[in-house]
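The values are calculated or read from the model by the stated rules, or taken from the named source; none is laboratory data. Note that the structure is predicted; figures quoted are calculated from it, not measured. Methodologically, a virtual Cβ is constructed for each residue, glycine included, from the backbone with ideal geometry; neighbour enumeration extends over all protein chains shown. Side chains included, ligands, DNA and RNA excluded: accessible areas come from the protein's heavy atoms. Shrake-Rupley method; radii C 1.70, N 1.55, O 1.52, S 1.80 Å.
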Amino acid sequence: MIDLHSHTNESDGTCSPGQLLEEAVRAGVDVLGITDHDTFAGYDQARALRAPAPALICGIELSTKLHGKSVHLLGYFLDADAPAEFRHWVLDLQASRRERNVRLVARLRELGFDITLEEAEARGRGMTGRPHFAQIMVEKGYVANLRQAFDDYLDESAKGYVWRREPQFAEGVARIRQAGGIASLAHPVRVNGDVPALMPELCDAGLNALEAYHSDHGPKETEMYLGLAHQYGLLVTGGSDFHGAVKPDVQLGTGCGGNLKVPDNLLEQLRSRHAAR
Ligand code: AMP
Ligand code: FE
Ligand code: FE
Ligand code: ZN
């Protein structure tokens, strides 16, 4: 079984890199893509463990902007031997997040919440982000659940939202490709816009693949994105988007209640495209 989309506690997952590997073995995942948000720290640690299984694919999930809306972009095959420039650029993205967090704390305090940056960073460390602030808001009883924290305060459209410098989608794709990677549109169902209508623009930007298989996709969505990938000559990727205990419904390898079946042969196609660069 392959799963090309997972998170460790180096971004917003709850499993340490070692625990994620154990979970993969338990779930029967033999090829695992680690795709933390804007960091390679989880992948690098997992690889250093030299576990006999699963085989690891070095990935990343970038938050980018497209027409002012947030779009997640997966990058694959970005191992440490990829150009150092890409990893430097990723470190810059992390710096922009830290700078945003300072302003986010100020905004949340203005709204009357007793939250400090230290508390959030104790949870998220190098990749502290809105999900960590949301967890604190739940724990302190300010909101009933994570959903409410986002809907009422942290979502782009909500009153606590604070702007952060994020790369444009096209820049993210270009950077991934310059680094020799493969760029795939993450969970297209979550794109705030008409994906079929956006396809020509996404392809012009150089997108390589669509994540047609994802825990948030029902059979209809998967079929639609497979059709679009075929129509536009794109590769296909797939994965659970496992985050551990913060998204308990999502299982590594099999998604929500077994709704995910990522075909093994996707990997050969990705690898051969990557090798052809
Ligand atoms: P940040 O990078 O700190 O701005 O936080 C982005 C992360 O917050 C995303 O990767 C999601 O995991 C989560 N997120 C963003 N918007 C929402 C939302 N409306 N509901 C739940 N989670 C969200
Ligand atoms: Fe996430
Ligand atoms: Fe995502
Ligand atoms: Zn993800």
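Numbers for the structure displayed
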| read-out | value |
| --- | --- |
| Residue check for Glu211: in contact with a Ser or Thr (Cβ under 6 Å, 6 or more places away or on another chain) and of a type in the set (Asp, Glu) | yes |
| Test: Leu252 is within 16 Å of ligand 4 (Cβ to nearest atom), in contact with a helix residue (DSSP H, G or I) (Cβ under 9 Å, 6 or more places away or on another chain) and assigned by TED's automatic domain parsing to the domain that holds Ala186 | yes |
| Search result, residues across segment 1-14 that are among the hydrophobic types (A, V, I, L, M, F, W, C) and either open to solvent by less than 20 Å² (accessible area, probe 1.4 Å) or within 13 Å of ligand 1 (Cβ to nearest atom) (or both) | Ile2, Leu4 |
| Of all residues in segment 126-140 being open to solvent by less than 60 Å² (accessible area, probe 1.4 Å) and not in a helix (DSSP H, G or I), the one that is nearest to ligand 4 (Cβ to nearest atom) | Gly129 |
| Top-ranked residue in segment 141-169 [being among the aliphatic types (A, V, I, L, M) and not in a helix (DSSP H, G or I); ranked as most open to solvent (accessible area, probe 1.4 Å)] | Ala144 |
| Condition check for Val71: among the β-branched types (Val, Ile, Thr), open to solvent by less than 50 Å² (accessible area, probe 1.4 Å) and within 16 Å of ligand 3 (Cβ to nearest atom) | yes |
| Residues within segment 55-65 that are open to solvent by 20 Å² or more (accessible area, probe 1.4 Å) and under 23 Å from Val191 (Cβ atoms), tallied | 1 |
| From the options Glu110, Glu22, residue that is closer than 26 Å to Leu154 by Cβ, more than 16 Å from ligand 1 (Cβ to nearest atom), without any contact (Cβ under 8 Å) to a residue 12 or more places away in the chain and open to solvent by 20 Å² or more (accessible area, probe 1.4 Å) | Glu110 |
